[in-house]
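Heads up, the thing below is written out as structure tokens.
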Amino acid sequence: MNKRTGAQILVDQLAIQGTDRIFTVPGESFLSVLDALHDCGTIQTVSTRQDGSAAFMAEADGKMTGAPGIAFVTRGPGATNASIGVHTAMQDSTPMILFIGDVARDDRDREGFQEVDFTAMFTPLAKWAARIDNAARIPEYIARAFDTANSGRPGPVVLALPEDMLRDEVEALDRPKVIAPAQPLCPDAMTTLTDMLRDATDPIAIVGGAGWSDKAKHYFAQYAERIGLPVAVAFRRQDNFPNESPVYAGNLGYGP
């Protein structure tokens, strides 16, 4: 293994995990990451005007692709501006990873410039929030971040990056690409569902949540139309069912 800076290791892991673009307001706390992204060549860097915009773009990217959307922001105001995008990703079950450039490790707990305890701040808003203090463990943290963001109910992960850690030159073992496990349908549950629909006098389906592929939408629409099942969509899930379908029952809104 050759020695690399923490920033180079981080960008290498993003490339291994299939990241093709990141959204950011360039900040001085992670300049070494921006240099590594420039040298990478396979990851597009999208510069935004405001940190909240970067987070919302990453959230939208994760929602459209099914892979974690990636955002980089600086500490303090950058992280607080981005927090609303993290909260949206949590409520919408969107895979997303927010990286925050942080104060140097030796300056921690000294009320340094724009210092915030990001693990404490984001733990209630995200599936997992952590701080990477050892550059050699970056591959471990990134693999876990992608696995956490994608597995079960998808959602956001937040990782704080001390600026001096990103400049450390260490040896690190790359981790392979994380593949989200596919959860098969339960045959007994499907049989029960079919029986309940057959016995119901006024059934209605409400579709929402994550993981609706174009194929899933197509086949569910065919099924609903065949049996005459009205289908409503949950808040911010208007595209989970074809609105022109004869069994489309409309959008429930955000306070049904």
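The values are calculated or read from the model by the stated rules, or taken from the named source; none is laboratory data. These numbers were taken from a predicted model, which means no experiment stands behind them. All Cβ positions, even for glycine, are placed from backbone atoms using ideal geometry, and neighbour counts span all protein chains on display.
Among the residues of region 41-66, the one identified as modelled with pLDDT under 95 and among the aliphatic types (A, V, I, L, M) is MET64.
The set of residues from region 30-44 being within 9 Å of ALA7 (Cβ to Cβ) and either of a type outside the set (S, T, N, Q) or surrounded by fewer than 20 Cβ atoms within 10 Å (Cβ to Cβ) (or both) comprises PHE30, LEU31, VAL33, LEU34, ASP35, ALA36, LEU37. Between residues in region 182-209 that are within 26 Å of GLY155 (Cβ to Cβ) and residues that are small (Gly, Ala, Ser) and assigned to a helix (DSSP H, G or I), which pairs lie under 8 Å by C-beta distance while being six or more apart or on different chains? As it stands, the answer is ALA205/ALA224, since those pairs meet every condition given. Of the helices (runs of 4 or more DSSP H) lying entirely inside region 27-98, the ones with 1 or more residues being within 24 Å of PHE235 (Cα to Cα) and out of contact with any helix residue (DSSP H, G or I) (no Cβ under 8 Å at 6 or more places or on another chain) are found at 51-65, 77-91. Among the residues of region 2-22, those identified as among the polar types (S, T, N, Q) and under 16 Å from TYR141 (Cβ atoms) are THR5, GLN8, GLN13, GLN17, THR19. Flag not set for SER93, criterion: small (Gly, Ala, Ser), surrounded by 20 or more Cβ atoms within 10 Å (Cβ to Cβ) and either in contact with a Cys (Cβ under 7 Å, 6 or more places away or on another chain) or not assigned by TED's automatic domain parsing to the domain that holds ALA234 (or both). In the condition set (1) assigned to a loop (DSSP other than H, G, I, E, B); (2) free of Cβ contacts under 8 Å to residues at least 40 places away in the same chain; (3) farther than 30 Å from LEU10 by Cα, ARG236 is compliant with all but (2).
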